[in-house]
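Asks: If you scroll down you'll find the structure; I have some questions about it.
Read the figures in this text as sums done on the coordinates, not as results from a lab. Small disclaimer: the values here were computed from a predicted structure and weren't measured. Backbone-built Cβ (ideal geometry, glycine too); neighbour counts: all protein chains shown.
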Amino acid sequence: MSKSFNTPDKVIYVCTGSKCKKKGGKDNGKALRSLIKEAGLKGSVEVVKTECTDRCDFAPVMSFQPENVWMHHVTEQQAKQAFEDKILKKTPPAEKF
């Protein structure tokens, strides 16, 4: 019998095409995988490496799904902050006026 096919709740696509990879895309992916593991979210959140997204001028790029949030020129620190904001929801609530 084969393994079951599980669908994650959230997916983070990280471009690892040649330009994104050189500018930190691969390191961003590693950092995000580590954060997922630390948070105990394996299976519900996945990082998917993509080939070129055809956004080379904005390298490295990544996308959070299903929210369809795209980020460009992402540093490792920004990737970690985005994980907290988008996945762990550690962003303080906006003030109401």
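Asks: Spelling out what I want: for every residue of the range 68-77, take phi, set θ = phi - 60°, compute 6.51 cos²θ - 1.76 cosθ + 1.60 (Karplus), and round to whole Hz; glycine and proline get x.
Replies: Once rounded to whole Hz, the list reads 6, 9, 10, 10, 10, 6, 7, 7, 4, 5.
Asks: Still on this structure, I have one more. Would you mind ranking VAL47, VAL74, VAL14, VAL69 by Cβ crowding within 10 Å, fewest neighbours first?
Replies: Placing the least packed residue first, the sequence is VAL69, VAL47, VAL74, VAL14.
Asks: Continuing with this model, one more query. What list do you get for THR50, THR16, THR7 if you sort them by fewest beta carbons within 10 Å? Intermediate values should be presented prior to the final figure.
Replies: Working: THR50 16, THR16 21, THR7 8.
Ordered by Cβ neighbours within 10 Å, fewest first: THR7, THR50, THR16.
Asks: Now for a separate question. Once both labels are modelled 7 Å past Cα along the beta-carbon direction, what's the VAL48-LYS3 spacing in nm?
Replies: 1.6
Asks: Then there is this: Along the Cα-to-C-beta direction of ASP57, a point sits 7 Å from the Cα; which residues of the range 68-83 have their amide N less than 20 Å from that point?
Replies: Within reach of a label on ASP57: 70-75.
Asks: May I ask what percent, to the nearest 5, of DSSP beta bridges between residues of the chain are antiparallel?
Replies: 50
Asks: Can you pull out the GluC sites (Glu not before Pro) in the range 33-67 whose DSSP state is coil and whose Cβ has at most 14 other Cβ atoms within 10 Å?
Replies: GLU51, GLU67
Asks: With a ≥ b ≥ c taken as the square roots of the eigenvalues of the C-alpha gyration tensor of the chain, please select rounded if a/c is under 1.5 and otherwise prolate if a/b is larger than b/c or oblate if it is not?
Replies: Since a/c reaches 1.5 but b/c is at least a/b, the shape of the chain is classed as oblate.
Asks: Let me ask another. Which of the cysteines in the chain are isolated, no other cysteine C-beta under 4.7 Å?
Replies: CYS52, CYS56
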